[in-house]
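S.K.: Please read through the structure below; I'll follow up with questions.
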Amino acid sequence: MSKADLSRLPAVEKTLQALEEVDLPRPIILSLVRQSIKELRNNPEKIPDFNDYINTLRTELNSLSRTRIAAVINGTGVLIHTNMGRSPLPDSAAERLCSIATNYNNLELDLNTGERGNRAAYLEKCLALVSGSESATSVNNCASALVIILRHFVRGNKRRVIISRSQLVEIGGGFRIPDILLASGAVLHEIGTTNKTTVKDYENAISDETALILKVHQSNFYMGGFIENAETEELAQLAKKKGIPFCEDLGSGAVVNTDEFGPVDHEPTPSEILAKGVDLICYSGDKLLGGPQAGIIAGRSKLVKGIKKEPFFRALRCDKLILSMLEEVTESYLRGITEIPILDMLSSTTDELNSRAEAIIKDLKELPLSACTGKGESRIGGGTMPKSTIPSVTIDLKPEKFSTSKLAKNLRCNTNPVMGYTADGLFKIDLRTVFPRQDENLLEAIKEAVS
Ligand SMILES: *Cc1c(COP(=O)(O)O)cnc(C)c1O
């Protein structure tokens with residue numbers, strides 16, 4: 001490198017000063033600056049004008065800053081959006097979280113005796129009641145619930161887990177039932193066919209090596225036509241007769257009748273499934289339950305107790321913050337207060353959504369964009385009830401001066417990021433999944449995105 005080139009290299013201090021207004025910790029900015037100067041040192045012919053250099057860095061830092069976890073306005077109409085953190089929590093759970101997070105607490109302390117207490121004993125009572133089970137406990141998520149259940153039952157020469165070929169599903173995010181079985185030391189014993197599995201198939205498969213009969217709720221897809229699946233009651237009777245545990249992974253597991261809240265399918269509840277004679281079930285905390293990320297295991301006391309004694313259980317246990325929020329959410333179900341955001345969203349009427357949409361559109365009149373109300377189809381999402389679409393109301397936008405994809409990008413990159421979707425050449429924002437308290441911010445974001 002020549003001396004002239006070297007003198008054109010940006011100086012670290014000067015660069016940092018020029019980026020002073022970027023709201024990221026200094027070491028993060030510094031590492032990016034150092035990296036970029038190093039690259040320029042190796043390619044001196046590429047050294048840009050200082051102002052251009054700063055602008056490029058600023059853009060990069062702003063992009064980086066948008067990868068921090070932040071609140072997003074969900075205008076996709078997908079209620080349980082895995083990319084957007086699944087179920088938003090009720091305010092009461094957030095308040096509880098705040099108080100537990102910033103103070104000491106009685107997590108493993110019995111205030112009655114002053115002795116060491118039983119972690120989450122009260123929560124487990126609540127979980128058992130909402131699940132209609134003898135006993136219940138919680139772990140990190142439903143995937144780990146399934147793993148610990150498998151590890152508990154698969155041992156010695158009993159390693160075979162019987163499952164119908166119609167239930168060897170991929171849940172999403174690479175979570176495949178056959179892989180989970182393998183990783184848990186189980187031997188997959190698949191029976192029946194894709195479209196038909198009978199009780200006889202299960203009966204014929206049972207041997208001395210059978211550890212467990214497993215059912216997996218087909219949550220994210222549906223089958224029609226020439227299909228048959230063994231009835232849960234009959235399977236439960238068979239399992240009991242043969243002395244084999246029978247478990248079901250429910251996935252979403254709504255603890256209330258979802259069809260009473262909106263025009264959606266009935267999602268089997270934990271208590272309905274357990275009443276059919278299933279020994280043990282697991283379901284997610286942050287899908288239709290509307291709580292924090294967790295996996296709930298519920299069923300016969302003896303089995304839940306055994307699972308809690310597994311050495312591996314310790315590795316999957318929830319922390320105090322999750323436990324306190326789960327407690328708050330399950331308590332609110334038990335009190336009959338279903339102020340669960342996704343259930344509220346599910347029950348919003350199109351009239352309510354329409355008047356909100358019109359109020360927002362009224363304030364968009366002067367802008368270089370066409371805005372009107374449109375029809376939307378909200379979905380439950382989170383791999384739940386793929387068949388159910390809920391009629392909804394959208395705000396349909398078309399900018400006059402640039403493309404809808406540019407509008408989508410501007411809205412995503414707003415200080416209050418907005419996600420929507422493009423259909424029929426329009427950018428659509430489904431109001432069912434936007435909290436009414438966000439309407440003001442949504443309006444501002446649209447205004448900024450077009451100006
Ligand atoms: C979503 C789902 C899971 C995984 O649940 P997580 O809580 O995300 O671990 C497992 N099984 C079924 C059937 C599901 O739908």
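The values are calculated or read from the model by the stated rules, or taken from the named source; none is laboratory data. Please read these numbers as outputs of a predicted model, since none were measured by experiment. Virtual Cβ from ideal backbone geometry, glycine too; neighbours counted across all protein chains shown. Please note that ligands, DNA and RNA were not included when accessible areas were found on the heavy atoms of the full protein model with its side chains. Shrake-Rupley method; radii C 1.70, N 1.55, O 1.52, S 1.80 Å.
S.K.: Which whole-number percent of Cα pairs in the chain have a distance greater than 37 Å? Could the numbers behind the result be given before it?
M.R.: Numbers: 42675 of 101475 pairs.
Here the long-distance tail beyond 37 Å is 42 percent of all Cα pairs in the chain.
S.K.: Once you order the gyration tensor axes a ≥ b ≥ c over the Cα atoms, which shape class does region 248-341 get: rounded for a/c under 1.5, otherwise prolate or oblate by comparing a/b with b/c?
M.R.: Details: a/c = 2.16, a/b = 1.31, b/c = 1.66.
Judged from the Cα gyration tensor, region 248-341 comes out oblate (a/c at least 1.5, b/c at or above a/b).
S.K.: Still on this structure, please answer the following. Under a cut-off of 26 Å between alpha-carbon atoms, report the lysines in cross-link reach of K38, not counting same-chain residues fewer than 8 places apart.
M.R.: K38 reaches K3, K14, K46.
S.K.: Compute the angle between helix 350-362 and the longest alpha-carbon principal axis of the chain, please, reported from 0 to 90 degrees and rounded to the nearest 10.
M.R.: Taking Cα atoms only, the helix is inclined about 10 degrees.
S.K.: Which of the lysines could a cross-linker span from K196 if the Cα-Cα distance has to be under 29 Å and same-chain partners fewer than 8 positions apart are dropped?
M.R.: Filter leaves K158, K215, K240, K241, K242, K276, K287, K387.
S.K.: Which aspartates and glutamates does K308 reach when only Cα atoms under 19 Å apart count, and residues fewer than 8 places away in its own chain are ignored?
M.R.: Cross-link targets: E108, E124, E134, E248, D249, D279, D319, E327.
S.K.: Where only protein heavy atoms count, and the probe is 1.4 Å, what is the accessible area per residue for region 8-65 in Å²? Could the numbers behind the result be given before it?
M.R.: Values: 3720 Å² over 58 residues.
Per residue, region 8-65 has an accessible area of 64 Å².
S.K.: Work through the residues other than D201 whose Cβ is under 11 Å from its Cβ and net out their charges, Lys, Arg +1 and Asp, Glu -1. Before the final figure, lay out the partial values.
M.R.: Values: positive: R165, K196, K200; negative: E190, E203, E228.
That sum, taken over residues with Cβ under 11 Å, equals 0.
S.K.: Probe radius 1.4 Å, ligands and nucleic acids ignored: give me the carbon and sulfur share of the accessible area of region 203-338 as a rounded percent. Show your work: numbers first, answer last.
M.R.: Numbers: 2730 of 5680 Å².
Carbon-and-sulfur percentage of accessible area, whole number: 48.
S.K.: Using alpha-carbon pairs under 8 Å, 6+ residues apart, how would you state the relative contact order of region 8-65 in percent?
M.R.: Normalised by residue count, the contact order of region 8-65 is 50 percent.
S.K.: Quickly work out the S271-to-N43 label distance, labels modelled 7 Å from Cα along the C-beta direction, and quote it in nm with one decimal.
M.R.: 6.5
S.K.: With label points built 7 Å along Cα→Cβ from the Cα atoms of A121 and E366, find their separation and express it in nm.
M.R.: 6.4
S.K.: Provide Rg and Dmax in Å for region 369-418, with only Cα atoms included in the calculation.
M.R.: 13.9, 39
S.K.: Fully extended, how many nm does the chain gain between E13 and A71 (0.36 nm per residue separation, minus their Cα-Cα distance)?
M.R.: Values: separation 58, 0.36 × 58 = 20.88 nm, distance 3.31 nm.
Between E13 and A71, full extension yields an extra 17.6 nm.
S.K.: Same structure again: Would you please state the base-10 log of I(q)/I(0) at q = 0.13, 0.23 1/Å for region 8-65, with intensities from the Debye formula using one equal scatterer on every alpha carbon?
M.R.: -0.28, -0.90
S.K.: 222 nm [θ] for the chain, helices only, -39500 (n - 2.57) per DSSP H run of 4+, per residue, to 500?
M.R.: Values: 18 runs with 180 residues, N = 451.
For the chain, the value works out to -11500 deg cm²/dmol.
S.K.: Please say if region 91-339 is rounded, prolate or oblate, where rounded means a/c under 1.5 for a ≥ b ≥ c the square roots of the C-alpha gyration tensor eigenvalues, and otherwise the choice is prolate for a/b larger than b/c and oblate otherwise? Could the numbers behind the result be given before it?
M.R.: Values: a/c = 2.08, a/b = 1.51, b/c = 1.38.
Since a/c reaches 1.5 and a/b is larger than b/c, the shape of region 91-339 is classed as prolate.
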